[in-house]
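To start, the structure itself, in structure tokens.
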Amino acid sequence: MRRLFCLAFLLTSSGASAEGWTCSAPGLVSGSYDGGSSAYIHLNGFPSGGTYPVQKNGKRATGTTKNGTKFTCSQK
């Protein structure tokens, strides 16, 4: 239950975050990025998310999901 509350809190902010990174995308349900070569993105209308490659440039990482939705993860 506590985990669900924490997830709900993150989703009410301007994106979802993991370890100092915040991800955003149209219809984002949840997202996480740890500074590596891929990010986990879950969008509205899909039962689950997926892991997608990113192009990292400093404190910003960008990518595109399987359905063509662009996402950005930024480091705080």
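Bear in mind that the values in this text are calculations on the coordinates, not laboratory data. Being a predicted model, the structure only gives us computed values, none of them experimental. Note: ideal-geometry Cβ built from the backbone for every residue, glycine included; neighbour counts use all protein chains shown.
Is it true that some residue in segment 32-51 is farther than 13 Å from ASN67 by Cβ and in contact with a Leu (Cβ under 7 Å, 6 or more places away or on another chain)? Within segment 32-51, none of the residues are farther than 13 Å from ASN67 by Cβ and in contact with a Leu (Cβ under 7 Å, 6 or more places away or on another chain). For ASN57, the criteria (1) over 14 Å from SER24 (Cα atoms); (2) surrounded by 15 or more Cβ atoms within 10 Å (Cβ to Cβ) hold in every case but one, which is (2).
Taken over segment 38-76, residues that are under 13 Å from the mean Cα position of the chain (by Cα) and either of a type in the set (S, T, N, Q) or part of a loop (DSSP other than H, G, I, E, B) (or both) amount to 13.
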